[in-house]
Amino acid sequence: MKIDVAELLDNMGADLQQHIDNAAREDPIIVGVHTGGVWIAQHLHKRIGNEAPVGELNIAFYRDDFSRIGLHPTVEPSKLPFDVNDRHLILVDDILYTGRTVRAAMNEIFDYGRPSSITLVVLVERGGRELPIQADIVGTRLTLAASEHVKLLGPDRLRLELCKAKT
């Protein structure tokens, strides 16, 4: 699988700017889900010329499988250096699969306040949704077998890798 991530980001940046303009979303703030979502958020931030800093969400404590998988030993806190109340948020993640990561991210965002809106942007959307969550801006859509998954590698040069799931 050879996907040009830089081209996807260029297209996503243009789509996002059009979405912001069409919806008249003034001064949106960009928040990336740790880790890959932050990398993508930083690229999109540059492409649309946003002035607010990029926020970073670490959703480890908000995952619904926390009791099953435990906590990674190097969990860092989220960094939202702005007030989210009444703001238009652009939530960025790398892969949209079941929808559970996005649900956890929104739960954490609402612990910080109540945004006016949340626009979901993902690099890759794949099948397998378990929750009714849909992205507003998508870089690419992939159909993968249950035994496959896709992973974003970076941050220096972002690239996608297709892998077989561990059994």
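The values are calculated or read from the model by the stated rules, or taken from the named source; none is laboratory data. Values in this document were obtained by computation on a predicted structure and should not be read as measured data. Glycine also receives a Cβ, built like all others from the backbone with ideal geometry; neighbour counts cover every protein chain displayed.
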Just one of (1) buried (at least 17 other Cβ atoms within 10 Å of the Cβ); (2) closer than 15 Å to residue 108 by Cα; (3) at pLDDT below 95 trips up residue 64, so point out which. (1)
Enumeration of residues in the stretch 78-105 that are surrounded by 18 or more Cβ atoms within 10 Å (Cβ to Cβ) and closer than 14 Å to residue 55 by Cα: 78, 80, 84, 87, 88, 89, 90, 91, 92, 93, 105
Return only the number of the condition from (1) among the acidic types (Asp, Glu); (2) modelled with pLDDT under 95; (3) touching an Asp or Glu at 6+ places or on another chain (Cβ under 9 Å) that residue 56 does not satisfy. (2)
Can you list residue pairs whose Cβ atoms sit under 6 Å apart, with the first residue in the stretch 111-128 being within 26 Å of residue 6 (Cβ to Cβ) and touching a residue at least 12 places away in the same chain (Cβ under 8 Å) and the second being assigned to a strand (DSSP E or B) and among the acidic types (Asp, Glu)? Count only pairs 6 or more apart in sequence or on different chains. 122/93; 123/94
Flagged in the stretch 147-160 as part of a strand (DSSP E or B) and in contact (Cβ under 8 Å) with a residue 12 or more places away in the chain, in numbering order, are 148, 149, 150, 151, 152, 159, 160
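Would you call residue 103 modelled with pLDDT of 95 or more and of a type in the set (Lys, Arg)? Can you show your working first?
On the way: modelled with pLDDT of 95 or more: yes; of a type in the set (Lys, Arg): yes.
Against the criterion (modelled with pLDDT of 95 or more and of a type in the set (Lys, Arg)), residue 103 qualifies.
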Looking at the stretch 2-51 only, could you name the residues that are over 13 Å from the mean Cα position of the chain (by Cα), part of a loop (DSSP other than H, G, I, E, B), touching a residue at least 12 places away in the same chain (Cβ under 8 Å) and closer than 14 Å to residue 153 by Cα? 3
In the stretch 126-141, what residues are in a strand (DSSP E or B) and surrounded by fewer than 18 Cβ atoms within 10 Å (Cβ to Cβ)? 141
Does residue 144 meet the test of being part of a strand (DSSP E or B) and surrounded by 13 or more Cβ atoms within 10 Å (Cβ to Cβ)? no
Out of the residues in the stretch 152-167 meeting the condition of being under 29 Å from residue 20 (Cβ atoms) and of a type in the set (Lys, Arg), tell me which one is surrounded by the most Cβ atoms within 10 Å (Cβ to Cβ). 159
Output the number of residues of the stretch 97-125 satisfying the condition of being over 12 Å from the mean Cα position of the chain (by Cα), part of a loop (DSSP other than H, G, I, E, B) and not polar (S, T, N, Q). 3
If the Cβ limit is 6 Å and pairs must be 6+ apart or interchain, which residue in the stretch 73-95 that is at negative phi and among the β-branched types (Val, Ile, Thr) pairs with which residue that is assigned to a loop (DSSP other than H, G, I, E, B) and at pLDDT 95 or above? 84/113; 84/115; 90/28
